[in-house]
């Protein structure tokens, strides 16, 4: 899942960054069972200052391409987009109906006002305040968290001050795809989840049998992710929870020779890392994508990029991914993640994505 990130539909906090939410060669050392339980910042102050990465177009044939690909999440018993319109969306998260702003819903609502008035929680405020004071609870005051489920994995929904509820349901298509790759590999698989937010993608990967490294710049998000691991009953699974800047962590992994079979990265449009590192998507994404290629194993499975809050077509990140993975074969699939509305069947687009699959 995601870090506090400022999504295209204003779904992420503006203050997180490159490492967060601010999301091949020798195998890395196995994860020590005791290490996975700790919040860690692997910053080694004795390391030399990294040399700026020099990018050049790679030789070799471009991967095959498949586009546009529309990955759709339909309503189910755990989550449903009930209705949308007039700049808002009405969602069902487990037991609760929730109303949040939705800038892309420029059409009119399909359900009558009485259905919207049954909401348990309504987000009414800005994204820059701490606490849950910007939520209005029409029926009764609700706590910060409530139990939720995704495909049998228990986790906590959460009312945050920046509109999030602890999960981005449109990512379920990527989670299912990743779980299938892990199961089909029939070998040990290492997954790196950069900008990992509250950890659902990491939990799905771990349940499927992978060894997972989860990186986010937000200490609070890492704390939530560890709560979700316990909630899901996956405490014994090999997950490393790391508070760090995504780019700096990937640079260290490259120097250390650590390699991964699947990499997920879900960067914000703009953000800051834990030490004030500044992330600008259009400036920094090419370098991070190149780094992701550099830390793949000799027989990698996939690299998945999701992009929110950008004024661009998916063709832009599609071309970047094809250029970056030139000479590696496989296919680059690109398009949009959408959520299918229950009331009128309209598609709400949430983000762009591009993924290289071996």
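Structure summary
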quantity	calculated
All positions within the stretch 179-204 that are in contact with a helix residue (DSSP H, G or I) (Cβ under 6 Å, 6 or more places away or on another chain) and either more than 26 Å from residue 273 (Cα to Cα) or in a helix (DSSP H, G or I) (or both)	179, 189, 201, 204
Conditions (1) over 23 Å from residue 81 (Cα atoms); (2) modelled with pLDDT of 95 or more; (3) crowded, with 21+ Cβ neighbours inside 10 Å; number of the one not met by residue 268	(2)
Selected residue (criterion: surrounded by the fewest Cβ atoms within 10 Å (Cβ to Cβ)) from residues of the stretch 227-255 that are within 22 Å of residue 154 (Cα to Cα) and out of contact with any helix residue (DSSP H, G or I) (no Cβ under 8 Å at 6 or more places or on another chain)	236
Some residue of the stretch 338-348 being surrounded by fewer than 17 Cβ atoms within 10 Å (Cβ to Cβ) and in a strand (DSSP E or B)	yes
Some residue of the stretch 259-281 being over 27 Å from residue 221 (Cα atoms) and part of a loop (DSSP other than H, G, I, E, B)	no
Residue in the stretch 228-242 that is assigned by TED's automatic domain parsing to the domain that holds residue 284 and at pLDDT below 95 present	no
Number of the condition not met by residue 124 [criteria: (1) at pLDDT below 95; (2) in the same structural domain as residue 310 (by TED's automatic domain parsing)]	(2)
Options 77, 92, 108: the member that is exposed (fewer than 15 other Cβ atoms within 10 Å of the Cβ) and under 26 Å from the mean Cα position of the chain (by Cα)	77
Filter result (under 15 Å from residue 234 (Cβ atoms) and crowded, with 24+ Cβ neighbours inside 10 Å) within the stretch 196-212	196, 198, 199, 200, 201, 202, 203, 204, 205, 206, 210, 212
Which listed residue, of 138, 188, is surrounded by fewer than 16 Cβ atoms within 10 Å (Cβ to Cβ), in contact with a strand residue (DSSP E or B) (Cβ under 8 Å, 6 or more places away or on another chain) and not assigned by TED's automatic domain parsing to the domain that holds residue 353	138
Members of the stretch 319-345 that are within 24 Å of residue 103 (Cβ to Cβ) and touching a strand residue (DSSP E or B) at 6+ places or on another chain (Cβ under 6 Å)	334, 335, 336, 337, 338, 339, 340, 341, 342, 343
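The values are calculated or read from the model by the stated rules, or taken from the named source; none is laboratory data. Not measured: the values here are computed from a predicted model. Ideal geometry is used to build each Cβ from the backbone, glycine not excepted, and the neighbour counts take in all protein chains shown.
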